[in-house]
Amino acid sequence: SSHFGPSISGVPSGLALRGWRSLLGSMASQGEDEDLAGEGDQPTPGLRGPAHRSGGPRGAASLVCWLCGLSGALPTTWMGHMLHSYCWNAVRCHNRLLKSDAEKEADREHRVQHEEEWKSEVLPLVTEGDASRVADDLALARREIVQRSQFQEQAEIDDDLLMPKTRFINHMKFWENYDTDSASESFERRLEVSDSDHEDARGRKQVRVADNTRLRTARGKRTTTSRRSHDEPRDRGRDRDRPRGARQDRERERGRESRGRERDGPRAAGRKRERGSGGRDDELSRDRERSLSRATRASGRSSVAGGGRRAREPAATSTPARKAVKREPGEAPTKPLACAKATAAEFLKAKDDLTKKIDEQIKTATDKKSIDCRLKQSLEKLTDEQKVELKKQADASEWRAAWASKVQELREIKSNLTSASRSQCEEFDKKIGIIVDELSVKAAAGEEILEASNFMVSRTKEDARKTSMALRYQRTKMAAKLVIGGYGNRFAKLVSEKVQDMEPADFTNPETIDYDKVMRWTSDGEHGKKLQENIQDYQLKSIGNLEQKATNLLNTVQSNNWGGAMAKLDQGADVDASFLPGEPLYVHELGACAWLSVLTKHSWRFGPGAFPLPGVGGFVTSHGDEGTLMLMLPIAPFVDCGLVALADAHMFLETDSGVELASKHCFVLPLNAGDTMWVPFGVLCLPVHAPDEANRGIKTIKNEAFFWHLPSFSVSLQKKMTDKTVTAIETFNEAYLTRMQGVPVWQARAAAYRQFSTAARA
């Protein structure tokens with residue numbers, strides 16, 4: 001369906017309103033009888049066009065017409081609304097009064113937004129059957145048409161900004177990439193040339209700066225009102241828009257127009273003769289007048305147009321022709337002051353353009369995307385050996401120095417440009433072109449150097465990737481073997497990561513002795529060498545042969561396929577334990593003796609049966625030529641987090657909390673041959689033996705490893721722990737000693753530990 005335009009603002013008089021209401025009532029009653037009879041849909045004769053007319057619903061008597069609100073036969077459907085045939089004819093009549101597409105669009109919006117008002121404008125046009133509409137109603141409908149049309153206008157606006165010196169400098173620095181000095185000089189030059197009289201409220205001189213061109217768009221609704229008389233000639237183009245199927249209606253309308261002209265009489269004919277014989281003749285006459293008027297203005301003289309009319313005279317205010325200035329031969333042409341100022345302005349603008357060109361070249365040569373900056377970043381990633389290898393191909397340092405010298409030349413030209421004359425500016429322009437060409441050549445050479453450097457960097461990354469893959473394979477392999485040896489899956493993975501990430505230097509050969517921390521001494525250090533001498537002296541004065549004990553332990557483990565074993569080393573009366581810190585007790589008693597432990601590779605060794613008296617401080621040293629690893633677990637964080645019994649550490653270390661705590665607090669240290677380690681009070685020590693792994697800092701090749709442990713029953717060091725930590729350690733050791741009380745080897749150790757615990761709590 002078509003879209004129609006503005007609403008008819010005419011309102012019917014009281015008499016006419018009563019007339020069409022009574023008429024509609026009578027027609028609706030007739031329609032109701034036909035509807036009750038159940039007749040089929042009867043399309044309105046001659047109504048063929050864009051609206052949907054036939055096939056509309058013919059429901060019960062409760063259906064009413066959308067326009068008049070009365071019931072009856074509703075054969076026509078328009079825009080989804082059911083209409084009487086005569087109401088549909090009124091709508092068509094209303095739509096014929098709309099000329100342009102803008103009027104039709106505005107009328108459609110008016111109908112959607114103000115439906116009842118639109119209906120009141122169309123209802124006066126309702127007629128019965130083929131009767132002619134009242135001339136007064138048509139005249140009222142045609143008299144005033146409100147055009148509600150959308151409009152959108154665009155205009156390009158060129159503005160200038162007035163700025164004092166401070167704002168001008170900030171503006172040029174931000175938008176034009178000027179520096180402070182160049183912007184200040186540009187302001188002074190502009191002020192001299194423009195001789196500006198513009199001042200701000202504070203009396204400061206201002207200069208004009210061209211602003212960006214703005215595209216201004218205006219949108220909205222434009223409402224205009226036009227009045228047309230009843231006799232105004234109808235637009236012929238409207239007949240072309242009329243549906244072809246409405247031929248009978250056109251003939252009927254033309255008949256009414258001819259009858260109206262006859263009724264007008266001689267006076268109307270006289271008015272028509274004054275206006276001309278028709279709209280087409282008037283347009284031709286006006287076209288002739290306009291063409292003759294243009295021809296007269298072009299020739300500069302008046303002429304008579306066809307039809308006896310005289311063309312318009314040229315306007316008196318037209319611009320006179322410019323007079324030629326006579327100049328004697330050899331006389332130099334005069335140059336007005338305005339021309340001189342324009343030349344100076346052009347020179348200053350040329351300087352500004354040259355300055356901007358230099359700034360752009362410097363920025364291109366020094367920004368982050370420049371070849372120099374990219375080459376610098378690539379060189380920083382090379383090792384010293386790679387830099388030497390690159391220098392054999394091309395000297396990157398020499399190239400960067402030459403590049404920097406060219407950039408410095410550009411900066412010097414820029415500094416000299418302010419006071420330069422016209423000829424000097426021309427020389428500077430040529431020199432800038434030469435420097436730019438040289439930079440282009442050097443950029444090509446720099447790209448080759450950068451390509452070689454990037455290749456070396458990529459090779460380094462590839463080597464690092466291969467190393468990372470090898471380490472990951474080692475971690476996975478070690479974790480799998482630890483799981484077979486009794487470790488949990490998550491804790492085994494964590495131990496393998498800690499082995500690769502260990503930093504023994506933080507604990508090795510400390511300058512300050514602090515027995516509250518883990519310490520490690522090597523045999524090449526002064527303090528470590530002295531400790532080794534004291535330990536060897538202690539071992540020699542002990543009862544029994546240490547090497548024989550080690551042999552017996554190894555045979556027992558191998559024959560029984562155990563993961564490890566321990567044996568006590570009885571001490572004699574002559575042993576010297578003065579190297580133990582904290583004034584230890586029971587030095588010469590049987591329960592305070594040292595123990596020798598052995599463990600097989602990848603086996604889980606945890607608790608008093610794997611490490612003598614866990615949680616009690618003491619010295620640990622390796623025995624033999626094989627080394628091993630020592631995993632340190634501080635007890636206090638685990639106990640504070642909710643680990644009630646240390647015996648449940650194996651399961652706790654598989655939980656999220658356990659893995660998080662172990663990852664944060666535990667660490668691994670190597671214990672090689674000749675090394676001595678101090679394990680403080682409140683730290684669990686888990687020996688880890690992985691001889692077939694390429695572990696950092698570990699020198700071992702055998703499947704078994706031995707370590708020697710001597711506890712320190714120091715009350716002063718024991719009291720530094722919290723009560724919760726002490727209770728957890730005592731409970732852990734006491735439970736194992738109670739279980740092993742029938743074994744003679746543990747009886748003396750149980751007596752000494754219980755005596756020590758009682759003394760520490762006193």
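The values are calculated or read from the model by the stated rules, or taken from the named source; none is laboratory data. Note that the coordinates shown come from a computational prediction; the quantities given were computed from them, not determined experimentally. All Cβ positions, even for glycine, are placed from backbone atoms using ideal geometry, and neighbour counts span all protein chains on display. Accessible surface areas use protein heavy atoms only, side chains included; no ligands, DNA or RNA. Shrake-Rupley method; radii C 1.70, N 1.55, O 1.52, S 1.80 Å.
Can you name every residue in the range 582-602 that is open to solvent by 10 Å² or more (accessible area, probe 1.4 Å) and assigned to a loop (DSSP other than H, G, I, E, B)? Scanning the range 582-602 gives Gly582, Glu583, Pro584, Leu585, Tyr586, Val587, His588, Glu589, Lys601, His602.
Per-residue answers, yes or no, for (1) polar (S, T, N, Q); (2) over 43 Å from the mean Cα position of the chain (by Cα); (3) at pLDDT 85 or above:
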site	(1), (2), (3)
Arg309	no, yes, no
Ala316	no, yes, no
Asp352	no, no, yes
Ala394	no, no, no
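The number of residues in the range 544-556 being under 11 Å from Ala594 (Cβ atoms) and not in a helix (DSSP H, G or I) comes to 1. Take Leu382 and decide whether it is outside any helix (DSSP H, G or I), of a type outside the set (Gly, Ala, Ser) and in contact (Cβ under 8 Å) with a residue 60 or more places away in the chain. It is true that Leu382 is outside any helix (DSSP H, G or I), of a type outside the set (Gly, Ala, Ser) and in contact (Cβ under 8 Å) with a residue 60 or more places away in the chain. Close contacts from the range 155-177, counting a first residue that is within 19 Å of Thr213 (Cα to Cα) and a second that is of a type in the set (Asp, Glu), with Cβ to Cβ under 7 Å and a gap of 6+ residues or different chains, come to Asp159/Asp211; Asp160/Asp211; Leu161/Asp211. Within the range 411-430, the set of residues being assigned to a helix (DSSP H, G or I), touching a residue at least 40 places away in the same chain (Cβ under 8 Å) and more than 47 Å from the chain's Cα centre (by Cα) comprises just one member, Arg422.
Yes or no: Thr512 open to solvent by 60 Å² or more (accessible area, probe 1.4 Å), more than 30 Å from Leu390 (Cβ to Cβ) and not in a helix (DSSP H, G or I)?
When the stated conditions are applied, Thr512 passes them.
When Pro504 is tested against (1) more than 16 Å from Glu654 (Cβ to Cβ); (2) open to solvent by 50 Å² or more (accessible area, probe 1.4 Å); (3) touching a Lys or Arg at 6+ places or on another chain (Cβ under 7 Å), only condition (2) is not met. Restricting the first member to the range 707-727 and to residues that are more than 26 Å from Asp625 (Cα to Cα) and among the hydroxyl-bearing types (Ser, Thr, Tyr), and the second to residues that are in a helix (DSSP H, G or I) and open to solvent by 20 Å² or more (accessible area, probe 1.4 Å), the beta-carbon pairs closer than 8 Å and six or more apart or on different chains are Thr722/Ala636; Thr725/Ala636. Against the numbered list (1) modelled with pLDDT of 90 or more; (2) of a type in the set (D, E, K, R); (3) closer than 19 Å to His689 by Cα, Glu626 comes up short only at (1). Applying the set (1) under 23 Å from Phe491 (Cβ atoms); (2) of a type in the set (Lys, Arg); (3) over 60 Å from the mean Cα position of the chain (by Cα) to Arg605 leaves exactly one unmet item: (3).
Listed conditions (1) of a type outside the set (D, E, K, R); (2) within 22 Å of Gly674 (Cα to Cα); (3) open to solvent by less than 60 Å² (accessible area, probe 1.4 Å) are all met by Gln548, apart from (3). The set of residues from the range 174-226 being modelled with pLDDT of 85 or more, open to solvent by less than 40 Å² (accessible area, probe 1.4 Å), part of a strand (DSSP E or B) and out of contact with any Lys or Arg (no Cβ under 6 Å at 6 or more places or on another chain) comprises just one member, Val209. Return the residues of the range 403-435 that are open to solvent by less than 80 Å² (accessible area, probe 1.4 Å), of a type in the set (Val, Ile, Thr) and farther than 30 Å from Leu382 by Cα; say none if nothing qualifies. Correct list: Ile413, Thr418, Ile432, Ile435. The set of residues from the range 89-102 being in a helix (DSSP H, G or I), in contact with a Phe, Trp or Tyr (Cβ under 8 Å, 6 or more places away or on another chain) and open to solvent by less than 10 Å² (accessible area, probe 1.4 Å) comprises Val91, His94.
Based on this model, can you work out whether Ala479 counts as outside any helix (DSSP H, G or I), at pLDDT 90 or above and open to solvent by less than 70 Å² (accessible area, probe 1.4 Å)? So Ala479 fails the test.
Can you confirm whether Ala649 is closer than 24 Å to Gln500 by Cβ and open to solvent by 20 Å² or more (accessible area, probe 1.4 Å)? No: the conditions fail for Ala649. Is it true that some residue in the range 694-712 is at pLDDT below 95, open to solvent by 10 Å² or more (accessible area, probe 1.4 Å), touching a Gly at 6+ places or on another chain (Cβ under 9 Å) and farther than 30 Å from Arg475 by Cα? Looking for residues that are at pLDDT below 95, open to solvent by 10 Å² or more (accessible area, probe 1.4 Å), touching a Gly at 6+ places or on another chain (Cβ under 9 Å) and farther than 30 Å from Arg475 by Cα, one finds none in the range 694-712, hence no. Looking only at residues in the range 152-173 that are assigned to a helix (DSSP H, G or I) and of a type in the set (Val, Ile, Thr), the one that is most open to solvent (accessible area, probe 1.4 Å) is Thr166.
Checked against the criterion of being over 60 Å from the mean Cα position of the chain (by Cα), at negative phi and among the hydrophobic types (A, V, I, L, M, F, W, C), the range 516-539 contains one or more residues that satisfy it.
Cβ-Cβ distance below 8 Å, separation of 6 or more or different chains: which pairs start in the range 453-468 with a residue that is surrounded by 11 or more Cβ atoms within 10 Å (Cβ to Cβ) and end on one that is among the charged types (D, E, K, R)? If the second residue must be among the charged types (D, E, K, R), the pairs left are Met456/Glu389; Val457/Lys381; Thr460/Lys381.
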